[in-house]
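Comments concern the structure below.
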Amino acid sequence: MIQTFTLHGINVTKKSDILDGAQILFSQFGLKRVTTDDIAREARVSKATIYRHFQNKTDIFGEVVDIEADQLLSAIREAVDQESTCVGKLKAHLLTKMSKIQELLNFYKVTQDTSDNFWPFIAEARDRSITAEKEIVREIIEYGNRTGELNVENPGLVSSMMVVSLKSQELDWATEGHDDISLEDYVDMMLGVMMHGIAAR
């Protein structure tokens, strides 16, 4: 039997069920097509229960995107920390991120069917994620400077350029995929482009 518990009067298990159900539906059908009734059916809760935890569908969607952003960053950090070289860390960062894209479709694909009413929620989550990711890459570059693998004068600026410039490639992989190349080969190509010009001589 599933245990339920409350925190400040909120049934945490029910809220988690709602978010899990909403995450599945949003990723399958997109934001516009999913209704609060759909989420209630998927989560096996009443509509009234949903409104005890969330103001509306937009509120639910905002939390789903935040959850996916946190899951992505946690996975990247864990993979990066397991590597001992700068190149290995950069590859772990890219490989983890690109592989997680297929799992976190709301975070990547929702821009295709999002109206202006929902965009602020996505933009805020992505801004936080981009800032955190820039910090991860900056730490990797500084590590590479210390080990002699890299020779980068401005790690902060370079990390910003790398993260921002790869955004279009991530979205392309998430929405289109590439049957003609494996993910690892794709990441190796991206890594080769990134390393050109910044490797120590």
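Readers should treat all values here as calculations from the given coordinates under stated rules, not as data from a laboratory. Given the structure is predicted, the values throughout are model-derived calculations rather than measurements. Positions of Cβ are generated from backbone atoms using ideal geometry, with glycine treated the same way; all protein chains shown enter the neighbour counts.
Working from label points 7 Å from Cα in the Cα-to-Cβ sense, the A48 to T36 distance is 1.4 nm. What spacing in nm lies between the two simple spin-label points modelled at Q55 and E139, each 7 Å away from Cα in the Cβ direction? According to this spin-label approximation, the distance is 3.4 nm. Here is the list for region 29-111: GluC sites (Glu not before Pro) lying in DSSP coil, each with at most 16 other C-beta atoms within 10 angstrom of its C-beta, are E83, E103. Distance cut-off 24 Å, Cα to Cα: go down the list K14/K97; K91/K134; K100/K134; K32/K134 and report the pairs above it. Distance filter (> 24 Å) returns K14/K97; K32/K134. A crude spin-label estimate for the pair D185 and D81, with each label 7 Å from Cα along the Cβ direction, gives 3.4 nm.
Stretched out straight at 0.36 nm per residue, the stretch from D172 to S99 would grow longer than its current Cα-Cα span by 25.0 nm.
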